[in-house]
Amino acid sequence: MTNERLQRLLLLIAAIGLIPIALGYGFMPEKTLTPIYGFDVDNVNLKHIMRAVMGLYFGQVIIWFLGISNPKFRRPAMYCLVVFMLGLAGGRILSLIVDGISHWLLIVYLILELSIGLIGLKLIMNEKE
C-alpha cells in the first residue's frame, strides 16, 4: 500500500473513531460521562467546556476528512492529526504522573493516541518531497 493510501486510511480511522468520542463528551455529557466515568456533569460551566471540546474534536474531524478527499489538504491534515493525538497523549501521560491511574477507557485512549500519533509521524517522514 502506498504512503498516500496509508495516510488516507489513518485519517479515516482517526476521524471515524473520534466522532462517537466527541458526541459522548458533548452531545449529552450528563447522560454519557456520569455512567462511564462516575462524575456528575450537572454544572452549566462543565457542560459548556465539554461541548467546546466536542466542537474542537469535530473541527479536527473536518480537517481529516478534507485531507482524505483532497490531496492539497493531506499534509496539513496529517500534521493536525499528529499534533492532536500526541498532544492528548502528552496530557494523559502528565496526568498519570501527577494524578495516578485513571479509568481503564482513558488508558485505552492513551494507547490509541500514542499509536496513531506515532504512525502519523512515521507516514509524514516517509513522504517523498
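What follows draws every value from the coordinates through simple rules; no lab data is involved. Quantities reported herein were computed from a predicted structural model and do not represent experimental measurements. Ideal geometry is used to build each Cβ from the backbone, glycine not excepted, and the neighbour counts take in all protein chains shown.
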- [ ] Can you confirm whether region 46-68 contains a residue that is more than 17 Å from L88 (Cα to Cα), touching a helix residue (DSSP H, G or I) at 6+ places or on another chain (Cβ under 9 Å), outside any helix (DSSP H, G or I) and free of Cβ contacts under 8 Å to residues at least 24 places away in the same chain?
- [x] no
Task: Candidate set from region 83-97 (those that are out of contact with any Gly (no Cβ under 9 Å at 6 or more places or on another chain) and among the β-branched types (V, I, T)); member that is surrounded by the most Cβ atoms within 10 Å (Cβ to Cβ) - done: I93
